[in-house]
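Before any comments, here is the structure.
The values are calculated or read from the model by the stated rules, or taken from the named source; none is laboratory data. Predicted, not measured: the structure shown is a model, and the values here were computed from it. Cβ sites come from the backbone with ideal geometry, for glycine too, and all protein chains shown count toward neighbours. The area values use the complete protein model at the heavy-atom level, side chains included, leaving out ligands, DNA and RNA. Shrake-Rupley method; radii C 1.70, N 1.55, O 1.52, S 1.80 Å.
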Amino acid sequence: MAAAVGGGTTVVGATGHQALEVAEAIGGLLETVFAAVERARAAVTALLGSGPAPATTDLTRLRRGFQKELGGLVVGLGFVAAPGLLTDVPAWLEWWQLRPDGGVQPLLLDLDPATSAYSDYTHWDWYALPRSSGRREISGPYVDYLCTDEYSLTLAAPVHSPDGTFAGVSAADVYLRHFEAVAVPALRALGRPAFLVNPRGRVVASTTAARLAGDLVRNLDGLDVHACGEIPLRLVTLPG
Amino acid sequence: MTSSSPPLSSAARRAVFSSLAAEPRVDAVVRRIGDAIVLGLLGDGEQLPGESELSARLGVATVTLREALVVLRQQGLVTTRRGRGGGTFVRAPEDTLDDRLGARLLTHPTEELRDLADHWAALAGATARLAAERADAHDLDAPRRSLREFAEAEDPAARGRLDGRFHVEIAAAAQSARLTREEIRFQTEIGPLLCLAFNQPEAHREADAQHRALVDAVASGDGTRARDLAEQHVHFGLRRLIERRLDGSWQQQSEAAPPS
């Protein structure tokens with residue numbers, strides 16, 4: 001079990017500058033996903049401000065915009081309503097996914113507690129973290145057994161009603177293997193073993209088999225650590 | 001039962017309609033679809049996909065699917081309407097869940113249940129060991145919540161669902177999408193019957209104690225103990241089923257041929 005990960009020293013030398021550039025480039029990749037999350041958030045906020053309490057049919061107006069965001073790293077995107085927000089159903093995900101054949105499909109979950117043990121989604125990090133912090137958050141890597149059955153990252157931002165109450169989250173899913181496909185070449189350019197780690201100390205992507213995605217790294221003492229811009233991941237390099 | 005059916009969760013839907021391994025194919029199709037109906041995953045009145053689509057998704061020949069649909073029709077679980085707007089529709093059964101599951105259990109030879117327990121225990125044990133290595137404190141919030149809800153659940157079907165969720169959450173804590181999908185596959189295959197394993201108070205209490213011990217072992221990072229406990233838990237549940245299966249077959253035989 002990992003405690004919060006501490007330690008690590010930020011070194012800025014010749015190689016330190018290169019690592020910083022790579023860290024910021026990787027942060028930039030995830031910023032493009034957060035930009036999609038932000039556009040979704042703005043669309044939902046506008047909808048909530050445009051009239052009385054919405055029903056699921058009102059959310060259909062968001063669909064085209066959500067569908068257009070799919071592609072690149074984004075394999076799923078949408079709005080997860082706070083329970084009780086909508087007038088016609090207790091809970092709802094207006095969620096769109098990219099199919100392997102390039103088409104789009106809605107996610108249809110069984111949200112009836114009488115038949116499904118998975119009806120309450122409010123405990124998932126992608127919902128609970130933005131709700132409690134009031135800020136955008138990255139969750140994962142985690143096994144998403146609710147929506148995709150894939151090892152994933154979810155980037156999410158809180159959505160608020162005009163009166164300031166929490167209304168749900170807008171979010172985007174990224175398959176970890178897709179993220180790895182773009183992050184690992186960048187890490188390789190460093191010429192020494194390197195990995196990305198999330199705030200809980202879980203490895204997100206790596207160029208060393210000694211630390212693989214999903215592993216917990218309990219101690220970063222003595223290692224070079226770089227921030228990925230405003231993205232709460234850290235790039236760690238090991239002595240080559 | 002309602003006339004409109006709840007949408008299946010994506011995992012459950014994929015599992016229900018995913019390709020079947022090489023087994024006696026007709027039996028496998030009957031069991032897969034029959035279970036989904038018996039458990040209410042496919043609701044009363046819901047239309048099944050067309051024959052060609054369904055056979056492709058299940059990975060069986062159309063003739064195999066047709067034979068299976070004949071059996072399901074004889075069991076009264078589906079009805080077929082011809083012509084425009086026709087197709088195969090779910091007919092929710094009227095007897096109790098316990099009766100239906102008991103009847104379903106009789107279709108499994110005890111040898112098959114024993115072999116399934118071995119396979120499942122191997123998966124659950126390896127999964128628990130990895131979870132002990134890889135879970136952080138937050139990963140165990142979900143299984144801890146599930147075990148509390150399991151302990152409080154009165155309804156055997158809810159207990160079965162919560163036990164299933166608990167094990168999926170442990171698999172997710174192991175950080176393995178494959179092991180999680182395998183766990184979901186086992187639950188689709190046999191999980192419903194576990195309602196029968198947890199319907200007696202002492203079995204429910206025992207399973208609850210096993211859940212708590214397993215989470216504690218995972219939390220303490222003791223992979224060996226977590227593996228052993230997970231294996232024992234699977235064998236415990238399946239042993240209950242095998243005992244009931246043996247009782248059931250004895251009853252059936254004695255009804256068919258009363259001792260003179």
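A few comments on the model shown:
- Candidates A:LEU146, A:LEU196, A:LEU153, A:LEU190 - the one that is in contact with a Ser or Thr (Cβ under 8 Å, 6 or more places away or on another chain) and farther than 22 Å from A:LEU235 by Cα: A:LEU146
- The condition of being free of Cβ contacts under 8 Å to residues at least 12 places away in the same chain and under 30 Å from A:ARG211 (Cβ atoms) holds for only one of A:HIS123, A:HIS178, that being A:HIS123.
- A single member of A:ALA43, A:ALA35 is surrounded by 15 or more Cβ atoms within 10 Å (Cβ to Cβ), within 20 Å of the chain's Cα centre (by Cα), away from chain B (no Cβ under 14 Å) and not β-branched (Val, Ile, Thr), and it is A:ALA43.
- Among the residues here, B:ALA68 does not qualify as at pLDDT 80 or above, within 26 Å of B:ALA177 (Cα to Cα) and not β-branched (Val, Ile, Thr).
- Residues of segment B:78-103 that turn out to be open to solvent by less than 80 Å² (accessible area, probe 1.4 Å) and within 30 Å of B:ALA197 (Cα to Cα), as a count: 12
- Residue ID - farthest from the other protein chains (Cβ to nearest Cβ), chosen from residues in segment A:177-191 that are hydrophobic (A, V, I, L, M, F, W, C) and either open to solvent by 10 Å² or more (accessible area, probe 1.4 Å) or assigned to a strand (DSSP E or B) (or both): A:ALA189
- Residues in segment B:53-65 that are assigned to a loop (DSSP other than H, G, I, E, B) and open to solvent by less than 30 Å² (accessible area, probe 1.4 Å): 1 in all.
- Among (1) at pLDDT below 90; (2) over 17 Å from the mean Cα position of the chain (by Cα), the one test that A:CYS147 misses: (2)
- Enumeration of residues in segment A:212-240 that are more than 21 Å from the chain's Cα centre (by Cα) and charged (D, E, K, R): A:ARG218, A:ASP221, A:ASP224
- Leading residue by the ranking (most open to solvent (accessible area, probe 1.4 Å)) among those in segment A:202-215 that are within 16 Å of A:VAL143 (Cα to Cα) and part of a loop (DSSP other than H, G, I, E, B): A:LEU212
- Scanning segment A:216-228 for residues that are touching a helix residue (DSSP H, G or I) at 6+ places or on another chain (Cβ under 7 Å), buried (at least 16 other Cβ atoms within 10 Å of the Cβ) and within 16 Å of A:VAL204 (Cβ to Cβ) returns A:LEU216, A:HIS226, A:CYS228.
- Any chance A:VAL197 is within 14 Å of chain B (Cβ to nearest Cβ) and hydrophobic (A, V, I, L, M, F, W, C): yes
- Residues of segment A:136-145 satisfying the condition of being open to solvent by 10 Å² or more (accessible area, probe 1.4 Å) and within 8 Å of another protein chain (Cβ to nearest Cβ): A:TYR142, A:TYR145
- Matching residues in segment B:141-185 - criterion: being at the interface with chain A (Cβ under 10 Å from one of its Cβ atoms) and β-branched (Val, Ile, Thr): B:VAL168, B:THR180, B:ILE184
- Pairing residues of segment A:147-166 that are facing chain B (nearest Cβ under 9 Å) with residues that are of a type in the set (Phe, Trp, Tyr), at Cβ distances under 8 Å and at least 6 apart in sequence or on separate chains, gives A:CYS147/A:TRP95; A:THR148/A:TYR175; A:GLU150/A:TYR175; A:TYR151/A:TYR142; A:TYR151/A:TYR175; A:SER152/A:TYR142; A:SER152/A:TYR175.
To keep it simple, each residue is scored yes or no on (1) outside the structural domain of B:PRO156 (by TED's automatic domain parsing); (2) open to solvent by 60 Å² or more (accessible area, probe 1.4 Å).
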| residue | (1), (2) |
| --- | --- |
| B:VAL26 | yes, no |
| B:GLY45 | yes, no |
| B:GLU51 | yes, yes |
| B:VAL71 | yes, no |
| B:GLY76 | yes, no |
| B:GLU112 | no, no |
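- Listed here are the helices (runs of 4 or more DSSP H) enclosed by segment B:148-244 that have at least 1 residues being within 16 Å of B:ALA132 (Cα to Cα): B:156-173, B:177-189, B:201-219.
- Residue match in segment B:187-200 (condition: buried (at least 22 other Cβ atoms within 10 Å of the Cβ), in contact with an Asp or Glu (Cβ under 6 Å, 6 or more places away or on another chain), on the phi < 0 side of the Ramachandran plot and free of Cβ contacts under 8 Å to residues at least 40 places away in the same chain): no
- The set of residues from segment A:115-135 being within 11 Å of chain B (Cβ to nearest Cβ) and open to solvent by 70 Å² or more (accessible area, probe 1.4 Å) comprises A:ASP120, A:HIS123.
- Matching residues, segment B:128-140, being open to solvent by less than 60 Å² (accessible area, probe 1.4 Å) and either among the aliphatic types (A, V, I, L, M) or away from every other protein chain (no Cβ under 11 Å) (or both): B:ALA128, B:LEU130, B:ALA131, B:ALA132, B:ALA135, B:ALA137, B:LEU140
- Output for segment A:70-114, where each listed residue is among the charged types (D, E, K, R), in contact (Cβ under 8 Å) with a residue 12 or more places away in the chain and open to solvent by 40 Å² or more (accessible area, probe 1.4 Å): A:ASP88
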